Each structure stands twice: as structure tokens, then as C-alpha cells.
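Have a look at the structure below before the remarks.
The values are calculated or read from the model by the stated rules, or taken from the named source; none is laboratory data. Note that this is a predicted model, so its numbers are computed, not measured. Cβ sites come from the backbone with ideal geometry, for glycine too, and all protein chains shown count toward neighbours. Calculation scope for accessible area: heavy atoms of the full protein, side chains included, ligands and nucleic acids excluded. Shrake-Rupley method; radii C 1.70, N 1.55, O 1.52, S 1.80 Å.
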Amino acid sequence: MAGTGARIVVRPDNAIYRKRLALYGVIGVPALCSLGALTIGEFGIGWLVPMLVLIVLPLVATLVMMALRSSLAQISVIGDELRVDNAFGAALYSVPVEFLTGLHPITFGAGPLTPTPGRVVITSAVTRPYVLDLRPWQQADVERLTRRLRNVPVSASDASSLKELRSAFPRVRLAWWHAHPWGVLVLQTALVVGYFLAASALMGSTA
């Protein structure tokens, strides 16, 4: 059994999202501006507003998500319960500490992504295995959490792909975008295409 201890709260670290915003500003914005110039040149000034919305929307969405994470997301051990809350304050994972059976660090990459360290598979006697990404959290808090769970056995796993992960940890739970990396790409493409079709139909109806 894992020992009891003080209340632990791990706070979000949005550095990874700030880096993505910077990358979007350096690569995404110029690319979309070039696409906007070509679109406006071909189809007219009426496409100016839709293109501006397309450029600004990812920035606004990321800033809103960062604000929600800072306000509501946390990993906590309160009493004898380990709990992971998302950016909307909903519990993604919850288990009594006494039922934890292992912490398994993995170097993982979903789909075409290069395997990287920073994730851990949590196993217990009463829940399905759960993959927790420790990178977008305050590392000082993560270290405190590690000390709090020091009595839980730790053993690294060689699983680095989705297939290997599911083989090593049957019925494992992980973020949807990690479980369906190609689905994320298809969804993003469909949203962009749908946006252009909707904007085109709207402008056609008001012409």
C-alpha cells in the first residue's frame, strides 16, 4: 500500500502551448497570409474577413485553452485520492492511492510522431491503465507528487508505439488525439474544408 501524506496539487505549465503559438506565428501566420493573398486575388476582396478569421481563430482558441488550464486543470492527491482534472474541471482519472499498483514511465510517440519521454502509465487494482502526460505541468509540483507516491512501485516500460502500449497495458486509457493521431489530421482537414465551404456559401447567398 502507498503511504498517506499531505495534500498535493500539481499546477499546469503552459510553456508548451506558448512554444506552439510562437511556432504558429513564425510558420503558420505567414503561410496563411500567403494563402489569403492568393485567395483574395483569385476570388475578390470579399474573402478578406474569412481569411482573417482563419488566421486569428487558432490563436484565440489556444489562448482560451491556456486560460482554462490555468484556472481549472490540476493533478491532485487530496486525502487518499489521486485525481486528474482537465481544463474544464472534469475528472479524467480518479483512484484511491492505496489501490495504485505501479507507475510506468514510457517514451511514446503516436502515429508519425517521434517517441519522446515525459509520460507515465498509471496502473491500479481497480481502474484501467491510464497514460498521464507529465510535460505540461509544473515540474517542481510533479517532483512533489513523485515523492508523495514514493511507495508505489516504479518500472519503466519499453512500449513506444500505440500498438506496443496496448499490448503491454490492455484496455489502456489515453488522450483521444494520442489514440487516433491520423483521425486528428483528418478532422482538422475536414474543419478547414468545411469552413471554406461555409464561407463560400455565405458570400454566395449575400452576393
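Computed quantities for the displayed model
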quantity: Residue 107/residue 21 FRET efficiency (R0 22 Å; Cβ-Cβ; nearest 0.05); calculated: 0.25
quantity: Over segment 121-196: Rg over Rh, Cα atoms, Kirkwood Rh; calculated: 1.10
quantity: For segment 1-83, with +1 on Lys and Arg beta carbons and -1 on Asp and Glu, the positive-most of 29, 64, 43 along the dipole; calculated: 64
quantity: Segment residue 147-residue 71, length gained on full extension (0.36 nm per residue, minus Cα span); calculated: 24.9 nm
quantity: Global form of segment 65-185, assessed from the alpha-carbon gyration tensor, a/c cut-off 1.5; calculated: oblate
quantity: Packing rank of 68-78, 50-60, where each peptide gets the mean count of other beta carbons within 10 Å, highest leading; calculated: 68-78, 50-60
quantity: Carbon plus sulfur fraction of accessible area for segment 60-117, probe 1.4 Å, in percent; calculated: 66
quantity: Two-site label geometry, residue 40 and residue 202: point separation in nm, points 7 Å out along Cα→Cβ; calculated: 1.7
quantity: Cβ charges +1 (Lys, Arg) and -1 (Asp, Glu), total dipole of the chain, debye; calculated: 360
quantity: Förster-model FRET efficiency, 45 Å R0, residue 31 and residue 80, C-beta, rounded to 0.05; calculated: 0.35
quantity: Stokes-Einstein diffusion coefficient of segment 15-71, Kirkwood radius over Cα pairs, 37 °C, 0.692 mPa s, in µm²/s; calculated: 266
quantity: The chain, relative contact order [Cα under 8 Å, separation at least 6], %; calculated: 23
quantity: Residues with amide H under 5 Å from that of residue 108, placed H, sequence gap 5 or more; calculated: 116, 119
quantity: Helical mean residue ellipticity (222 nm; -39500 (n - 2.57) per DSSP H run of 4+; nearest 500) of the chain; calculated: -15000 deg cm²/dmol
quantity: Gyration tensor over alpha-carbon atoms, segment 1-159, equivalent ellipsoid semi-axes in Å; calculated: 41, 17, 12
quantity: The chain: DSSP helices with Cα axial extent of at least 30 Å and average Kyte-Doolittle hydropathy no lower than -1.0; calculated: 48-72, 181-206
quantity: Sequence-separation-based contact order of segment 1-78, relative, with Cα cut under 8 Å and 6+ spacing, percent; calculated: 61
